[in-house]
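Beneath this line is the structure, given in structure tokens, with notes to follow.
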Amino acid sequence: MARLRIEKEEGVPFLKDVAAAPTNPAFVAALQAENLPVDDLAEPGSRFFAYHTLDGQPVGFGGYELQGDEVLIRSVVVPQEARGTGIGRNIVPLLLYRAYEAGAKRAWLLTTSASDFFSRVGFKPVERAAAPIAILATRQASSLCPASAVLMTRKISF
């Protein structure tokens with residue numbers, strides 16, 4: 001019997017998340033393949049998730065670093081073969097919901113290559129001076145991401 005594949009109206013599969021350890025080999029490999037930082041995965045307040053379709057197919061990872069009621073979204077990665085399918089735009093709200101459950105009210109992120117994608121899911125570019133000190137003090141903002149990285153933000157509400 002063929003497996004049942006349940007999809008949303010726009011043809012994107014429903015996703016579920018499971019906690020992922022910062023040392024998860026598939027997660028680390030996915031980040032390294034996209035030249036995303038891995039040196040700070042064990043920072044305090046960090047949580048990571050692996051995303052799968054309902055039938056168990058792995059489709060990406062995402063994480064955040066909680067700083068009070070502010071959160072730094074980080075480590076969102078979708079395998080090359082799954083890009084353009086809507087998976088990423090479905091991972092982001094799930095990740096934001098997890099951050100919201102943990103107490104976050106506003107999300108921040110830094111990107112060198114995905115500002116168009118994050119704009120489509122509600123993030124707006126802002127000057128670095130607009131970010132709270134706690135976000136600017138993260139290793140991502142203070143040393144790992146280049147000064148040319150775009151800082152983006154959005155309110156989290158459900």
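The values are calculated or read from the model by the stated rules, or taken from the named source; none is laboratory data. Here the structure is a predicted model, which means the values were calculated and not measured. All Cβ positions, glycine included, derive from the backbone under ideal geometry; neighbour counts span all protein chains shown.
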Q.
Need pairs with beta-carbon distance below 6 Å; first residue within 7 Å of Met152 (Cβ to Cβ) and free of Cβ contacts under 8 Å to residues at least 40 places away in the same chain and within the range 111-130, second of a type in the set (Lys, Arg) and crowded, with 16+ Cβ neighbours inside 10 Å; sequence gap 6+ or separate chains.
A. Phe123/Arg154
Q: Scan Arg106, Arg98 and give me the residue that is more than 13 Å from the chain's Cα centre (by Cα), modelled with pLDDT of 95 or more and surrounded by 16 or more Cβ atoms within 10 Å (Cβ to Cβ).
A: Arg106
Q: Six or more apart or on different chains, Cβ under 6 Å: which pairs go from a residue in the range 1-29 that's closer than 11 Å to Phe61 by Cα and modelled with pLDDT of 65 or more to one that's surrounded by 12 or more Cβ atoms within 10 Å (Cβ to Cβ) and of a type in the set (Val, Ile, Thr)? Could you list them?
A: Val28/Val38
**Q.** Residues of the range 27-71 satisfying the condition of being surrounded by fewer than 22 Cβ atoms within 10 Å (Cβ to Cβ), of a type in the set (Asp, Glu) and in contact with a Gly (Cβ under 9 Å, 6 or more places away or on another chain)
**A.** Asp69
Q. Of everything in the range 129-158 that's at pLDDT 95 or above and of a type in the set (Lys, Arg), which residue is surrounded by the most Cβ atoms within 10 Å (Cβ to Cβ)?
A. Arg154
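Which residues, taken from the range 44-99, are among the hydrophobic types (A, V, I, L, M, F, W, C) and part of a strand (DSSP E or B)?
At the first step, the residues of the range 44-99 found to be among the hydrophobic types (A, V, I, L, M, F, W, C) are 48-50, 54, 59, 61, 66, 71-73, 76-78, 82, 87, 91-92, 94-96, 99.
Within the range 44-99, Phe48, Phe49, Ala50, Val59, Phe61, Leu66, Val71, Leu72, Ile73, Val76, Val77 meet the criteria.
Counting just the residues of the range 119-158 that are in a strand (DSSP E or B) and within 13 Å of Leu109 (Cβ to Cβ), which one comes out farthest from the chain's Cα centre (by Cα)?
Step one: of the range 119-158, the residues in a strand (DSSP E or B) are 124-126, 150-155.
If we keep only those that are within 13 Å of Leu109 (Cβ to Cβ) as well, we get 124-126, 150-154.
Values: Lys124: 15, Pro125: 16, Val126: 18, Val150: 15, Leu151: 14, Met152: 13, Thr153: 13, Arg154: 13 Å.
Applying the filter and picking the extreme gives Val126.
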